[in-house]
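The values are calculated or read from the model by the stated rules, or taken from the named source; none is laboratory data. All values derive from a computational prediction rather than experimental measurement. Don't worry about glycine lacking a Cβ; one is built from the backbone with ideal geometry, like all the others, and counts go over all protein chains shown. To get the accessible areas, we keep the full protein, side chains included, count just its heavy atoms, and leave off ligands, DNA and RNA. Shrake-Rupley method; radii C 1.70, N 1.55, O 1.52, S 1.80 Å.
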Amino acid sequence: MCRPDHFDVTYAINPWMDTGAAVNRALALAQWDALRIAYEVRGHRVEMIEPVAGLPDMVFAANGGLAIGDRALSARFANPERAEEGPAYHDWMAAQRFTTVARARETNEGEGDFAIAPGRILAGTGFRSARDSHQEVAEYFGLPVVSLDLVDPRFYHLDTALMVLDDTIAYYPAAFSGPSARLLASLYPDAILATEADANVLGLNGVCDGYHVFLTDQAVDLAEQLRARGYEPVGIDLSELLKSGGSVKCCTMEWHAVRTAAGSGTD
Ligand code: ARG
């Protein structure tokens, strides 16, 4: 995670961002800290990257890259406003316990567009990560990648429209092209389908540890659906970060275990 010390909305690269809106950084910091604590009290170790002045979106650590097993791939951002975050996340990754760390060759916004699921990686394209980045990720990690087309600018990253839950997923079908939505329906017949209202508060931008699901406290129906499936939703108020188009998952880069098939985690 990256403390929102320099968080602001000084440019608009997605429809959520309004440069005229006032941002309360102290509140953003308090909300972000509540998320960090929510992870820690449930047994998750949180590591921090040092925030860099002049990079107001660096708080969205999910975009910094991908980390699976002993390999990490640092991001290459689509927008010049965020370009400098790539090297910052790369240097941080290079100082961790990975055996191999590389920089993405193709435009790749990390976990924003790549969702690590058992046995495969689901990958988004259309607004940020290039389609060619999907092949690069498949080769680099040696895992099958399923390409999905995002069609609604409000859901510009895959992680705004889809969340991995253990062996299934939750998603908002209208964020995807017809063929991509049909592909998801065939791969995950038992998926949770989010309502438009829940998608619109970035309810799908959550993190599941197999039991807890950390997500915005505004996604009420989704929390109910999760509870009905036996998950424990943990609602977090990240209203200040929503002004930049981000929520729980955006603030979190996960270090994934290698999972070749359903239920075969190795950590
Ligand atoms: N303002 C940021 C951007 O538009 C928000 C990024 C949110 N991150 C995410 N993983 N969806 O790039």
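Listing for the model above:
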item	result
Test: residue in the range 107-115 that is at pLDDT 95 or above, assigned to a loop (DSSP other than H, G, I, E, B), more than 12 Å from the ligand (Cβ to nearest atom) and more than 17 Å from the chain's Cα centre (by Cα)	no
Any hit, the range 67-80, residues being among the basic types (Lys, Arg) and within 16 Å of the chain's Cα centre (by Cα)	yes
Unique match (being surrounded by fewer than 16 Cβ atoms within 10 Å (Cβ to Cβ), within 12 Å of the ligand (Cβ to nearest atom) and within 25 Å of Leu215 (Cβ to Cβ)) among Pro56, Pro4, Pro15	Pro15
Residue pairs meeting the criteria (Cβ under 7 Å; at least 6 apart or on separate chains; first over 9 Å from Lys249 (Cα atoms), in the range 196-209; second β-branched (Val, Ile, Thr))	Val201/Thr216; Leu202/Thr160; Leu202/Thr216; Gly203/Thr216; Cys208/Val164
Of residues in the range 128-153 being within 15 Å of the chain's Cα centre (by Cα) and in a loop (DSSP other than H, G, I, E, B), the one nearest to the ligand (Cβ to nearest atom)	Arg128
Scan of the range 185-212 for residues that are closer than 19 Å to Ile116 by Cα and open to solvent by less than 20 Å² (accessible area, probe 1.4 Å), ordered by number	Tyr188, Ala191, Ile192, Leu202, Gly203, Leu204, Asn205, Gly206, Val207
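The rows are residues; the columns are (1) more than 22 Å from Lys243 (Cα to Cα); (2) among the hydrophobic types (A, V, I, L, M, F, W, C); (3) in contact with a Ser or Thr (Cβ under 9 Å, 6 or more places away or on another chain); (4) within 15 Å of the ligand (Cβ to nearest atom).
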position: Phe155; (1), (2), (3), (4): no, yes, no, yes
position: Ala161; (1), (2), (3), (4): no, yes, no, yes
position: Ile169; (1), (2), (3), (4): yes, yes, no, no
position: Ser180; (1), (2), (3), (4): yes, no, yes, no
position: Leu193; (1), (2), (3), (4): yes, yes, no, no
position: Glu196; (1), (2), (3), (4): no, no, no, no
position: Val201; (1), (2), (3), (4): no, yes, yes, yes
position: Val207; (1), (2), (3), (4): no, yes, yes, yes
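Results for (1) among the β-branched types (Val, Ile, Thr); (2) open to solvent by 10 Å² or more (accessible area, probe 1.4 Å), shown as yes or no for each residue.
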position: Ser129; (1), (2): no, no
position: Ala138; (1), (2): no, yes
position: Asp149; (1), (2): no, yes
position: Thr160; (1), (2): yes, no
